[in-house]
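A short worksheet on the structure shown next.
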Amino acid sequence: MASMSESADTASGTDVTDATSDDATRVATVTEAAPRDERPREEIHPGEPEGEPLMDAVDLVAGYIPGVNILNGASLTLHPGEIVGIIGPNGAGKSTLLKSLFGLVHVSSGHLMLKGEDITNLRADKLVARGVGFVPQTENVFPSLTIKENMQMGAFQAPKLFAERFDYVVSIFPKLGARKDQTAGSLSGGERQMVAMGRALMMKPSVLLLDEPSAGLSPMLQDETFIRVRQINRAGVSVVIVEQNARRCLQICSRGYVLDQGRNAYSGAGHALLNDPKVVSLYLGNLEEEVKEEGR
Ligand SMILES: Nc1ncnc2c1ncn2[C@@H]1O[C@H](COP(=O)(O)OP(=O)(O)OP(=O)(O)O)[C@@H](O)[C@H]1O
Ligand SMILES: [Mg+2]
């Protein structure tokens with residue numbers, strides 16, 4: 001795990017690991033200066049509540065292939081009790097950002113804090129033990145296992161707490177209790193999403209990372225998903241949610257970040273972004289207005 005000082009050194013684009021050697025023997029420096037968002041913190045995170053964030057991602061640079069960065073200095077904060085949304089075009093790096101918050105993509109510079117501790121590049125299983133849950137965009141259930149077995153997988157780090165946690169999950173998703181012996185593969189898309197969220201909730205996380213939970217669902221089921229996310233949030237779970245369904249997402253978010261090409265493009269309170277003409281024209285679309293103007 002990178003320590004805070006290591007992260008800071010890397011972020012400045014210089015190598016200070018060999019400060020005592022002369023130039024001739026000096027180990028190669030990190031060639032690429034990491035991009036930094038030089039704006040003051042309140043401009044990067046407008047509307048951010050006071051106090052220490054639960055999660056604080058600063059200038060993250062990350063990617064899948066060495067030398068090819070997908071995140072180019074992305075920052076995000078999540079405060080206790082918040083729902084924070086990440087929206088942006090396809091390929092902007094939203095899933096990559098979420099994966100980097102969960103130790104699934106290597107962060108090459110910048111740093112990530114959880115409750116004041118540096119967790120940059122900490123493994124996912126360790127993050128689960130520290131109260132972070134993650135629901136990936138795809139392949140997020142074990143289709144051949146029953147609902148109950150999926151929940152057992154979610155609680156494998158705390159098997160003794162299974163019964164108590166399963167009751168908690170069923171209180172949020174009653175259908176999962178009624179269908180507990182049905183295989184996840186035989187469920188509808190909406191039901192499978194419930195299983196995926198339920199599994200992540202089995203460890204009673206304080207932070208839940210959701211990647212497009214409404215994708216592929218009917219408008220009614222999408223609404224139900226957002227209602228459930230709010231319910232989970234009210235039960236004390238702070239949420240980071242990535243969504244294609246940007247308008248619906250921003251309606252339930254405390255704050256939102258628009259990610260574009262791996263960088264923060266816009267950020268602010270959910271309702272402020274919904275009403276920002278630039279955000280609307282670039283990322284949310286003007287279909288409603290166009291249709292109204294045409295008098296249809
Ligand atoms: N496993 C991977 N290996 C290599 N490149 C990847 C991998 N996953 C994603 N990428 C690349 O990273 C970039 C960002 O992908 P990412 O999935 O983070 O975008 P996104 O904003 O979540 O898009 P979408 O809205 O379509 O889900 C894309 O160019 C993609 O091709
Ligand atoms: Mg994605």
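If you sort the three axes of the alpha carbon gyration tensor as a ≥ b ≥ c, you get a/c of 1.5 or more for region 80-175 and a/b above b/c, which makes it prolate. With the simple spin-label model, which puts each label point 7 Å out from Cα in the Cβ direction, the GLU149 to TYR64 separation comes to 2.9 nm. Note on the chain: GNM, Cα springs under 10 Å; of ALA92, ALA178, ALA215, the largest mean-square fluctuation is that of ALA178. In whole Hz, what ³J(HN,Hα) sequence does region 208-214 give by Karplus (6.51, -1.76, 1.60; θ = phi - 60°), x for Gly and Pro? Each residue of region 208-214 in turn: 10, 9, 10, 9, 6, x, 9 Hz. With the Cα gyration tensor of region 160-214 giving a ≥ b ≥ c as the square roots of its eigenvalues, does the rule (a/c under 1.5 for rounded; else a/b larger than b/c for prolate; else oblate) give rounded, prolate or oblate? Since a/c reaches 1.5 but b/c is at least a/b, the shape of region 160-214 is classed as oblate. In this structure, the amide hydrogen of ALA155, modeled 1.01 Å from its nitrogen in the peptide plane, lies closer than 5 angstrom to no residue at least 5 positions away or on a different chain. Normalised by the number of residues in region 122-188, the mean separation of alpha-carbon contacts (under 8 Å, six or more apart) gives a relative contact order of 44 percent. Amide hydrogen proximity for GLY73: with H placed 1.01 Å from N in the peptide plane, the residues at 5 or more positions away or on another chain lying under 5 Å are LEU60, VAL61, ALA62.
A DSSP coil position with no more than 14 other Cβ atoms inside 10 Å describes the following chymotrypsin sites (Phe, Trp or Tyr not before Pro) in region 135-177: PHE156.
Dipole size of region 112-265 about its Cα centre, with +1 on Lys/Arg Cβ and -1 on Asp/Glu Cβ: approximately 340 debye, rounded to the nearest 20.
Per-residue Cβ neighbour counts within 10 Å put SER267, SER254, SER188 in the sequence SER188, SER254, SER267, beginning with the fewest.
Working note: 222 nm ellipticity from helices only, DSSP H runs with n ≥ 4, each -39,500 (n - 2.57), summed and divided by the residues of the chain, gives -9000 deg cm²/dmol to the nearest 500.
Across region 50-130, the convex hull enclosing all Cα atoms gives 95 Å³ per residue.
Taking the convex hull of the alpha carbon positions in the chain and averaging its projected area over all directions gives 18.3 nm². Take the Cα radius of gyration of region 163-279 and divide it by 2.2 N^0.38 Å, N being the number of residues; the result is 1.15.
Of all lysines in the structure, those lying under 22 Å Cα to Cα from LYS99, and not within fewer than 8 positions of it along the same chain, are LYS115, LYS126, LYS204. Pairs of Cα atoms nearer than 8 Å and 6+ residues apart set the relative contact order; for the chain it is 22 percent. Identify all lysines with a Cα-Cα distance to LYS278 below 25 Å; exclude those on the same chain that are fewer than 8 residues away in sequence. The qualifying lysines are LYS94, LYS292.
Readers should treat all values here as calculations from the given coordinates under stated rules, not as data from a laboratory. All of these numbers come straight from a predicted model, not from anything done at the bench. So basically every Cβ, Gly included, is an ideal-geometry build from the backbone, and we count neighbours across all protein chains shown.
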